[in-house]
Amino acid sequence: MNQTSIELQYAQHIETLQHRAREALGREAIDGLIIHSGQLHYQFLDDNPYPFKVSPQFKAWLPVVDNPNSWLIVDGVNKPKLIFYLPVDFWHKVPKVPDAFWTDFFDITYLKKANMVEKHLPYDLSKYAYLGEHVEVAKALGISLVNPDRVMHYMHYHRAFKTDYELNCMREANKIAVRSHKAAERAFLSGKSEFEINQAYLSAAVQSEEQMPYGNIVALNENASILHYMVLDKTAPEIHRSFLIDAGASYSGYAADITRTYCAENNQFNALIVAVDSLTQQLVGKLIPGIEYVDIHKQAFVGIANILHDFKLINLSPEGILDKGIVGTFFPHGVGHMLGLQVHDVAGHVANDRGTPKPAPTEHPFLRCTRTVEARQVFTIEPGVYFIDSLLAELKSTENSKYINWDVVDEFRPYGGVRIEDNVIVHAEKNENMSRDNW
């Protein structure tokens with residue numbers, strides 16, 4: 001995409017955000033928003049900070065993701081004001097004066113000292129709201145309205161509808177992630193350790209661990225049964241049986257989130273990977289405007305029940321497996337979530353822009369999204385089949401144990417589990433699978 005197209009898309013993006021700001025401000029009857037990029041958090045009894053993570057409310061407006069102590073003043077009408085932190089500092093690298101295409105859309109003021117921001121803020125702060133995590137900073141500045149619910153609900157709900165600029169950022173994030181996944185696969189096939197595979201991934205992404213949108217899950221063999229495994233063993237196992245990697249990438253503040261699973265041999269576990277991969281693609285095809293995301297999850301349960309039956313893991317029909325409530329042992333998480341500025345993007349459990357709760361069904365408590373699917377939304381689809389010792393032990397202690405082929409289960413245990421995850425844009429008349437399109 002050429003620079004002119006990017007600038008046009010970004011102009012439309014800012015116009016959309018300005019409209020949302022006007023609507024949100026009208027609900028609260030206030031004059032403007034003061035959006036904080038955030039500030040460094042320091043380790044206890046130390047002068048070293050944790051890696052900085054910019055506020056998603058801030059990076060929604062501009063691709064500045066690495067500069068704390070910066071501020072935006074927005075009223076939905078006038079050109080937003082950016083207070084850009086540019087200190088005099090011989091200890092650390094000072095950011096460059098911004099000159100990218102997006103700077104034309106802001107009135108930019110430079111801040112030399114973080115504690116001197118007050119003189120750049122509006123004189124009367126009584127009609128402004130602070131958006132950010134540092135409540136104590138807002139209070140010190142004399143801002144009494146902090147993260148007002150009606151503003152936050154509106155902005156979070158509508159953040160699910162991506163602008164063209166945002167969709168292109170997410171496509172770029174997927175391109176980086178796919179390239180890196182291929183590098184990780186090569187490292188697995190060459191017998192590397194989890195740590196070495198992760199290094200190969202980061203090198204291909206040209207991003208540090210801190211720049212990743214979340215901690216990479218790089219799991220060999222039975223470690224793939226741990227849903228959020230992040231140990232990164234430095235010693236390669238004697239035998240490489242299986243490999244599950246759940247890892248993304250960032251681009252201008254937007255996230256990719258892709259999972260793949262591999263097997264070192266063409267055996268039954270490899271066949272299980274193929275079956276889960278096929279289910280993922282089937283579910284992606286069902287993401288159409290108007291469907292409830294909960295229904296996608298329920299269809300995933302049906303699909304997993306069929307897989308458990310087909311692989312002779314359970315001596316019941318798929319209907320019987322569902323009726324007995326056994327699927328959750330092998331597929332204990334939700335089928336996916338919304339994706340955008342955050343990996344698990346906000347407002348997944350609300351019915352409208354006033355924040356009316358729309359909780360997950362009691363029988364599916366870990367589902368991260370219950371929204372009605374609409375065009376311009378982005379979702380992950382990530383079914384899985386796992387052999388988790390604690391859940392299997394619990395199942396074995398119930399009367400449903402008699403339906404389980406425990407010998408088959410034990411054959412699969414050393415492989416951990418399977419998860420296949422794609423990132424999908426829903427359009428009015430089609431789906432766009434960013435992960436597959438870039439593979």
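I'm checking my understanding of the structure. Among residues of the range 127-142 that are among the hydrophobic types (A, V, I, L, M, F, W, C) and buried (at least 19 other Cβ atoms within 10 Å of the Cβ), which one is farthest from K53 (Cα to Cα)?
Ranking the qualifying residues of the range 127-142, first place goes to A129.
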| said: Take the conditions closer than 22 Å to Q342 by Cβ, surrounded by 17 or more Cβ atoms within 10 Å (Cβ to Cβ) and modelled with pLDDT of 95 or more and apply them to L62. Does it pass? | reply: yes
| note | Scanning the range 307-328 residue by residue, those open to solvent by less than 10 Å² (accessible area, probe 1.4 Å) and either part of a loop (DSSP other than H, G, I, E, B) or at pLDDT below 95 (or both) turn out to be L313, I326
| query | If you go through the range 66-107 one residue at a time, how many are more than 18 Å from E15 (Cα to Cα) and in a strand (DSSP E or B)? | reply | 4
| message | Considering only the range 378-399, I want to know if a residue exists there that is closer than 30 Å to E185 by Cβ, of a type in the set (K, R) and open to solvent by 20 Å² or more (accessible area, probe 1.4 Å). | response | no
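One line per residue, one yes/no per condition, for (1) closer than 28 Å to G142 by Cβ; (2) among the hydrophobic types (A, V, I, L, M, F, W, C):
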| residue | (1), (2) |
| --- | --- |
| H41 | yes, no |
| F44 | no, yes |
| N48 | no, no |
| S55 | yes, no |
| F58 | yes, yes |
| L72 | yes, yes |
| query | Does E136 satisfy the condition of being under 22 Å from H41 (Cβ atoms) and either modelled with pLDDT of 95 or more or part of a strand (DSSP E or B) (or both)? | reply | yes
| said: So D47 ticks every box in (1) part of a loop (DSSP other than H, G, I, E, B); (2) closer than 24 Å to Y85 by Cα; (3) in contact (Cβ under 8 Å) with a residue 24 or more places away in the chain but one. Which box is left unticked? | reply: (3)
| task | Find the residue count for the range 414-431, including only residues that are of a type outside the set (S, T, N, Q) and crowded, with 16+ Cβ neighbours inside 10 Å. | result | 11
| note | Taking the range 309-366 and keeping only residues that are β-branched (V, I, T) and out of contact with any helix residue (DSSP H, G or I) (no Cβ under 7 Å at 6 or more places or on another chain), one is left with V343, T356, T362
| request: Could you tell me whether T356 is under 24 Å from the mean Cα position of the chain (by Cα) and touching a residue at least 12 places away in the same chain (Cβ under 8 Å)? | output: no
| note | If we ask which residues in the range 65-97 are open to solvent by less than 10 Å² (accessible area, probe 1.4 Å) and more than 16 Å from Y110 (Cβ to Cβ), their number turns out to be 2
| message | Quick check on my filter: what residues within the range 8-24 are of a type outside the set (A, V, I, L, M, F, W, C) and either farther than 15 Å from P63 by Cβ or buried (at least 20 other Cβ atoms within 10 Å of the Cβ) (or both)? | response | Y10, Q12, H13, E15, T16, Q18, H19, R20, R22, E23
| query | Would you pick out the residues in the range 243-273 that are small (G, A, S) and open to solvent by 20 Å² or more (accessible area, probe 1.4 Å)? | reply | S250, S252, A264, A271
| request: Answer yes or no as to whether G348 is open to solvent by 10 Å² or more (accessible area, probe 1.4 Å), small (G, A, S) and part of a loop (DSSP other than H, G, I, E, B). | output: no
| request: Could you please let me know if A160 is on the phi < 0 side of the Ramachandran plot, in a loop (DSSP other than H, G, I, E, B) and of a type in the set (A, V, I, L, M)? | output: yes
| message | With the requirement that a residue be open to solvent by 30 Å² or more (accessible area, probe 1.4 Å) and closer than 25 Å to F243 by Cα, what does the range 274-304 give you? | response | V274, D277, S278, Q281, Q282, F301
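With respect to L272, determine if the residue is among the aliphatic types (A, V, I, L, M) and not in a loop (DSSP other than H, G, I, E, B).
Here the answer is yes, as L272 does meet what is asked.
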| task | Evaluate the range 146-155: report whether one residue or more is crowded, with 17+ Cβ neighbours inside 10 Å and aromatic (F, W, Y). | result | yes
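Select from the range 65-96 the residues that are modelled with pLDDT of 95 or more and aliphatic (A, V, I, L, M) and write down the one among them that is farthest from S208 (Cα to Cα).
To start, the set of residues in the range 65-96 that are modelled with pLDDT of 95 or more comprises 65-87.
Subsequent filtering for residues that are aliphatic (A, V, I, L, M) retains 65, 72-74, 77, 82-83, 86.
Working: V65: 14, L72: 27, I73: 31, V74: 32, V77: 38, L82: 27, I83: 27, L86: 23 Å.
Restricting to residues being modelled with pLDDT of 95 or more and aliphatic (A, V, I, L, M), the top hit is V77.
Within the range 143-161, which residues are farther than 30 Å from I425 by Cβ and either without any contact (Cβ under 8 Å) to a residue 24 or more places away in the chain or among the polar types (S, T, N, Q) (or both)?
S144, V146
Would a scan of the range 232-242 turn up a residue that is free of Cβ contacts under 8 Å to residues at least 12 places away in the same chain and either open to solvent by 40 Å² or more (accessible area, probe 1.4 Å) or outside any helix (DSSP H, G or I) (or both)?
Yes, there is a match, as at least one residue in the range 232-242 is free of Cβ contacts under 8 Å to residues at least 12 places away in the same chain and either open to solvent by 40 Å² or more (accessible area, probe 1.4 Å) or outside any helix (DSSP H, G or I) (or both).
The values are calculated or read from the model by the stated rules, or taken from the named source; none is laboratory data. Just so you know, these numbers come straight off a predicted model, no measurement behind them. Using ideal geometry, Cβ is built from the backbone for each residue, glycine included, and neighbour counts are taken over all protein chains shown. The protein model used for the area step is the full one, side chains on, heavy atoms only, and it has no ligands, DNA or RNA in it. Shrake-Rupley method; radii C 1.70, N 1.55, O 1.52, S 1.80 Å.
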